[in-house]
Amino acid sequence: ALAKGIAQEESLLAVISQDLSGAALSDFVVWALKRGSVRFAYLGDQVNARGAADMGLLPDRLPGYVPLAKPGIFADEYAGLPTKPGLSEAGMLVAAEKGELGALFVMGANPAATKPAALKKTFVIALDLFLTETATQADVVFPAASLYEKTGTVTNTFGDLQLVSKAADHAGAKSEFEILVRLAGAMGIDVKT
C-alpha cells in the first residue's frame, strides 16, 4: 500500500540519512531520478555538516567542492597546497587503530562512540561542546562555545545559510575558529583570515 501511495504522488521529498549508503543509496537515487519530480534532503550526522563540506572539509575537496586534483585559483593563493587527498573518517580510524596516526584533532565529532578502541594508540585533541566518548578519551580537551555564544553562520541540510548572532559574552568560552587560529599561531602558522 505504501509503494502504491508513493507511486501516485505527483512530487516527493526524499529525506536520506547517513545510514543509507553504497549500492542502496545509488539504487534509490537512480529510481527517484527516473521517477521525476523528486527533491532530496540529506540529513548529516552532525549540526552544520553541510556547511563543513561546503567549506572544503572533505578529504578530496576544497571550498565550493572544487576537486583537490584541479585546485584552480586556490593553487595561486595557497602555496604548497597538497595534491594528494587526505584520509576519510573511516581511513583515519583505521590508521589510528594500527598506530599509524600520531595525533588526531577531533572537532564536533565523536568517533569513539562507534569505535572506542580505535583511538587508544593516538594522541587525541578534542574540541567539543559536550564531554563525548571521544572527549573523555582525549589527551587534551578544548571546550567549544555553543551556537549562541558566537557570531557566524550555520548551513542547514538544504544548503541554506543562516546567520547566528552571539546572545551574550561568556567568560572563557571561545569559538572553534578562535581556538584554531590561536593554536595555529602557537605553532608558528600564519593563518590568512
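Excluding residues fewer than 8 places away in the same chain, name every one of the lysines whose C-alpha is closer than 23 Å to that of Lys34.
Leaving aside lysines fewer than 8 places away in the same chain, those within reach of Lys34 are Lys4.
Antiparallel versus total DSSP beta bridges in the chain: what percent is that, nearest 5?
Within the chain, antiparallel bridges account for around 30 percent of the total.
Can you tell me the length gained on complete extension of the stretch Ile16 to Leu131, counting 0.36 nm per residue apart and subtracting the Cα distance?
38.6 nm
Please state the charge dipole magnitude for region 1-122, taken about the Cα centre, from unit charges on C-beta atoms (+1 on K and R, -1 on D and E), reported in debye and rounded to the nearest 20.
220
Per the helix-only calculation at 222 nm, which mean residue ellipticity applies to the chain, given -39500 (n - 2.57) for every DSSP H run of n ≥ 4 and division by its residues, nearest 500 deg cm²/dmol?
Estimated from H runs of four or more residues: -8000 deg cm²/dmol.
Taking only protein heavy atoms into account and a 1.4 Å probe, give the accessible area per residue of region 117-193 in Å².
Here the per-residue accessible area is 66 Å².
Give the cross-link partners of Lys174 among the lysines, using a straight C-alpha distance below 22 Å as the criterion and excluding same-chain residues fewer than 8 apart.
Lys150, Lys166, Lys192
Distance from the Cα centre of region 113-189 to that of region 61-112, in angstrom?
Region 113-189 and region 61-112 have Cα centres separated by 17 Å.
Any chance you could look up the accessible area of Val15 with a 1.4 Å probe, heavy atoms only, rounded to 10 Å²?
Val15 exposes around 90 Å² with every protein chain in place.
Lysines within cross-link reach of Lys98: Cα-Cα under 19 Å, excluding same-chain residues under 8 positions apart?
Excluding near neighbours in sequence, the set is Lys115, Lys120, Lys121.
What FRET efficiency would be calculated for the residue pair Tyr78, Arg35, taking the C-beta separation as r and a Förster radius of 35 Å, to the nearest 0.05?
0.25
Give the carbon-plus-sulfur fraction of the accessible surface of region 130-193 in %, rounded to a whole number; probe 1.4 Å, heavy atoms of protein chains only.
59
Give me the 1.4 Å probe accessible area per residue for region 1-81, excluding ligands and nucleic acids, in Å².
Value for region 1-81: 73 Å² per residue.
Once neighbouring chains are kept in place and the probe is 1.4 Å, which whole percent of the accessible area of region 1-88 is contributed by carbon and sulfur?
Answer for region 1-88 is 60 percent, counting heavy atoms of protein chains only.
I need to check one value: relative contact order of the chain, counting alpha carbon pairs closer than 8 Å and at least 6 residues apart, in percent.
Contact order relative to length: 14 percent.
If r is the Cβ-Cβ distance from Ala69 to Ile189 and R0 is 41 Å, what FRET efficiency results, to the nearest 0.05?
It comes to 0.95.
The values are calculated or read from the model by the stated rules, or taken from the named source; none is laboratory data. For clarity, every value in this text was computed on a predicted model and none was experimentally measured. With ideal geometry, Cβ positions are generated from the backbone for all residues, glycine too; neighbour counts draw on all protein chains shown. Just the protein is used for accessible areas: all its heavy atoms, side chains included, with ligands, DNA and RNA removed. Shrake-Rupley method; radii C 1.70, N 1.55, O 1.52, S 1.80 Å.
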